[in-house]
Structures are given as structure tokens and as C-alpha cells.
Amino acid sequence: MTATEPSNPLVRRPVDLARAHGLSAQAVRNYERDGVLPPAQRTPNGYRRFTELHVKALRAYLALITGHGYAASGEIMRAVNRGDIDTALRTIDQGHALLQRDRETLDAVETAVATLTGTSPQPQSQKAVPISVLAHRLGLQPATLRKWERAGVLRPVRDPVTHYRLYLPDDVRDAELAHLLRRGGYRLDHITGVLRRVRDAGGAEPLAASLGQWRQRLTERGRAMLTGAARLAEYVEAAAVLSIRGE
């Protein structure tokens with residue numbers, strides 16, 4: 001089916017915007033209703049009339065989604081549309097801060113995994129060890145291990161009779177990794193995220209194989225943020241020009 005072009009090439013219907021971006025016309029209407037797109041003019045019979053400004057707004061929103069996600073991108077567009085540029089920029093800053101944090105986590109994981117997989121593992125007993133044994137092994141005080149537990153870094157089990165902490169072999173591995181990262185200056189909340197990655201991957205070796213893909217995803221996200229910022233800048237500039245003209 002061939003789409004019918006609007007009589008005025010500068011005016012577009014919801015279906016025109018939708019088809020150009022692989023969306024449904026209802027999605028475009030919803031975006032306007034939710035404030036993601038600026039309000040559209042209406043014809044005498046109530047139909048929406050979109051302009052080139054709406055095209056730029058839609059392009060900006062769709063580009064932002066790839067780097068910032070739906071929720072943050074919606075917040076950015078709604079803030080811009082109500083003239084609150086500072087809030088929009090603050091949301092963008094938070095996205096970049098999160099990306100930077102993810103990069104730092106990846107750097108920490110790569111350092112730790114390289115250390116763990118680059119040395120021959122020492123034979124470990126399959127028995128759980130008490131906190132005193134683990135603390136002695138690491139050259140730490142038991143109070144330090146308890147602090148790490150409160151921060152979510154370690155998750156020891158409890159003896160069913162004495163209720164003393166017991167550290168399984170995986171817990172010992174996590175404690176050694178945490179000790180390594182702490183010596184590198186990483187915060188406890190950061191280390192918690194690293195260990196979560198190790199646990200989810202089933203250990204350091206499986207995780208090592210996925211580090212390249214992880215870094216590639218971060219790179220793609222960073223590039224998407226650049227594209228989103230460029231599209232948003234185009235939209236903001238176009239809206240400013242119209243505002244100056246009083247349109």
C-alpha cells in the first residue's frame with residue numbers, strides 16, 4: 001500500500017512519523033500524550049498535525065533510548081519540552097556517571113580475573129572454614145570480614161548449632177578477590193558489584209571469556225549516548241529558533 005502524502009509537505013500525520021521510524025501511529029500519539037513529543041496542533045476535526053519539530057523530537061527520543069533507556073529518555077524529553085533544560089542535563093549527567101561506574105567495575109573485574117586466572121590456584125580444602133582461619137589467611141582482622149559482610153561483599157553461611165560464620169571455598173575465593181580489590185583502592189560497594197559478576201558467571205574463568213563482550217556493550221552504549229546527545233541538540237536548537245520567531 002502506498003502512503004498518501006499530506007497536502008502540506010511541512011505537516012505530517014501520526015502515520016507519517018510512525019512509518020518513517022518503524023512505529024505504529026498509536027505509539028506516536030502516545031508519545032505526544034505522555035509529553036515525549038511537544039503538543040501537536042489539531043485540525044478543526046481534531047486530527048493531530050505534526051511538523052518538522054516533532055520529527056526532530058522523535059529522532060532525539062529514539063536515539064536517547066539506546067544509550068539511556070526508556071525511563072531516563074522520557075524524563076529528558078519531558079524536561080526539555082517544558083523548558084527545564086537543567087533537569088534534562090542532570091538526567092543525562094547521571095547516565096554518563098553510571099556508564100563511568102560500569103567502566104570502572106569492568107576495569108576492576110579485568111584486573112582481578114587476570115590475577116586469579118594467571119596464577120596456579122592453591123589446593124583448597126572443600127571444608128568450610130571459620131572466620132578466624134580466613135582472617136589469618138588474608139592477614140586481616142575478623143572485624144574487617146564482618147564489615148565486608150555487612151556491605152554485601154561476603155555471604156558466609158552459619159553453623160546450624162553454634163551459629164558461627166563459616167566460609168565455603170567460593171566464599172574464600174570471594175574474600176581473596178575482595179582483598180585484592182581493596183588493596184587497589186576500590187570501594188566496598190564497587191567490590192560488591194564485581195563479586196556479583198563473578199558469582200553470576202560461575203567463577204573467574206567463565207567470566208574472563210565474557211569480558212570482551214561486556215566492554216563492547218559499554219562502548220556501544222557510549223556511542224549511543226553521543227548520538228542521542230547530537231539528536232537532542234538538534235531538537236533543542238530547532239525549538240529555540242521557533243521560540244524566538246514566536247511560532
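Observations, loosely collected:
- Nearest-ten-degree value, helix 52-81 long axis tilted from longest Cα axis of the chain: 10
- Vicinal HN-Hα couplings computed from phi for region 161-175 (Karplus, 6.51 cos²θ - 1.76 cosθ + 1.60; Hz; Gly/Pro x): 9, 8, 6, 6, 5, 10, 10, 6, x, 5, 5, 5, 4, 5, 5
- Using a simple spin-label model with pseudo-atoms 7 Å out from Cα toward Cβ, Leu242 and Tyr164 lie 7.2 nm apart.
- Test item: Cα-centred dipole of the chain, Lys/Arg +1 and Asp/Glu -1 on Cβ, debye: 360
- Within the accessible area of the chain (1.4 Å probe), percent carbon and sulfur: 52
- Distance histogram in 5 Å bins (all Cα pairs of region 7-46, percent per bin): 6, 22, 29, 29, 13, 1
- Area projected by the alpha carbon convex hull of the chain, averaged over all directions, nm²: 20.0
- Region 143-235, Rg to Rh (Cα coordinates; Rh as Kirkwood inverse mean 1/r): 1.18
- Using the Cα coordinates of region 122-177, the gyration tensor eigenvalues translate into equivalent-ellipsoid semi-axes of 15, 15, 11 Å, sorted from longest to shortest.
- For Pro38, neighbours were defined as the other residues whose beta-carbon sits under 11 Å from its Cβ, and their charges (Lys and Arg +1, Asp and Glu -1) total +2.
- Three-way shape label, region 18-141, alpha-carbon gyration tensor, a/c 1.5: prolate
- Residue among Leu242, Ala178, Val133 farthest towards the positive dipole end of the chain, charges placed on Cβ: Val133
- Estimated [θ] at 222 nm from DSSP helical runs (n ≥ 4, -39500 (n - 2.57)) normalised by residues in the chain, nearest 500: -23000 deg cm²/dmol
- For the pair region 66-116 and region 176-192, the centres of their Cα atoms are 23 angstrom apart.
- Accessible solvent surface per residue of the chain, calculated while the other protein chains remain in place, 1.4 angstrom probe, Å²: 59
- Test item: Cα-centred dipole of region 4-100, Lys/Arg +1 and Asp/Glu -1 on Cβ, debye: 380
The values are calculated or read from the model by the stated rules, or taken from the named source; none is laboratory data. Since the model is a prediction, treat every value here as computed from it, not as a measurement. We place every Cβ from the backbone using ideal geometry, glycine too, and count neighbours over all the protein chains shown. The protein model used for the area step is the full one, side chains on, heavy atoms only, and it has no ligands, DNA or RNA in it. Shrake-Rupley method; radii C 1.70, N 1.55, O 1.52, S 1.80 Å.
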